[in-house]
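Here's the structure we're looking at; comments come further down.
The values are calculated or read from the model by the stated rules, or taken from the named source; none is laboratory data. Because the structure is a prediction, the values reported are computed rather than measured. Don't worry about glycine lacking a Cβ; one is built from the backbone with ideal geometry, like all the others, and counts go over all protein chains shown. Heads up: the accessible areas ignore ligands, DNA and RNA and are worked out on the full protein's heavy atoms, side chains in. Shrake-Rupley method; radii C 1.70, N 1.55, O 1.52, S 1.80 Å.
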Amino acid sequence: PTLFTGYSSLTIPFVFALAALLKKDYQNWIKVALPWALFSAGILGLGIMMGGFWSYETLGWGGFWGWDPVENASFMPWLLVVALVHTMIIQRRTNGLVKTNFLLAVGAFVFVMLATFLTRSGILGDTSVHSFAEPGRTIYLILLIGMIFFALLGLALFFVRIKDLNRVAKKIELSTNSREFVLSLGTLTLFIITLIVLLGTTWPITTELLTDSKSSIDISFYNQWIMPLAII
């Protein structure tokens, strides 16, 4: 229930972002969306930590996190909403990173749809201990079409307004001793971690499309590539 509350609450920053693009209100939406982004980051992060504790303490698996593809599915939107909180703070202070915030708000919700697809479609049934059984072609298509629809909707509105966004966005000075530089570095780091996790999580799907056989990625891949970024 905690994870799903985090998932559903990410709808709200997404809807505020779409409304802001429709109304050409590129600054004020941050004020109303930031508390919801903070709530989503907090509640989704709590659900992920509860899952880790349950894995370690209740099941006794000997680890808090196993990089299971379905576990990663909930991790990726959390990474993006935490990055969104950082960039929203920068926009509220400097009116910068306007385009970044719209993309992250759309991306965080689309990754919720991706998480739902990966978990409920059964596409990772051979490589994840948490995946649901295959629900049938109809549900599979509904999940896939829903994810593609919301991604295209958000990106279409973004690119329709791209000239306006370029006009209103202010460039921020990122001197190395500024708060904005550190926040931007944190945001970039979280985004790169998200891409690495996405690559590893979708690797079984990619290999099946290319070679007609699924192969899961080794846990060492995540540890090797993410550890330096996690330290940053």
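Sparsely packed loop sites in segment 1-67 (the trypsin sites (Lys or Arg not before Pro) outside DSSP H, G, I, E and B with at most 11 other Cβ atoms within 10 Å) comprise Lys24. Label-to-label distance for Thr11 and Arg167 is 3.4 nm, based on points extended 7 Å past Cα in the beta-carbon direction.
In this structure segment 65-186 gives 50 Å² per residue of accessible area when probed at 1.4 Å with all protein chains present. In a fully extended conformation the segment linking Val182 and Leu195 would gain 2.7 nm over its present Cα-Cα distance, using 0.36 nm per residue.
In plain terms, the C-alpha convex hull of segment 156-232 casts an average shadow of 8.0 nm² when viewed from every direction. When nucleic acids and ligands are ignored and a 1.4 Å probe is applied, Glu208 ends up with an accessible area of around 70 Å². Convex hull volume of the C-alpha atoms in the chain, normalised per residue: 138 Å³.
Heavy-atom accessible area for Arg120, with the other protein chains in place and a 1.4 Å probe, reaches approximately 110 Å². Couplings 3J(HN,Hα) for segment 157-170, derived from phi with the Karplus relation 6.51 cos²θ - 1.76 cosθ + 1.60 (θ = phi - 60°), are 5, 4, 6, 5, 9, 4, 5, 4, 5, 5, 6, 8, 5, 9 Hz, where x marks Gly and Pro.
Could you sort Lys171, Lys99 by their accessible area in this structure, using a 1.4 Å probe and putting the largest first?
Lys171, Lys99
Please identify which residues in segment 96-124 have an amide N closer than 18 Å to a label point set 7 Å out from the Cα of Phe149, following the Cα→Cβ vector. Within reach of a label on Phe149, which here means backbone N under 18 Å from a point 7 Å along Cα→Cβ, segment 96-124 contributes 106-107, 109-118, 120-121.
Helical content alone sets the calculated 222 nm signal of the chain at -24500 deg cm²/dmol, taking -39,500 (n - 2.57) per DSSP H segment of four or more residues and averaging over every residue.
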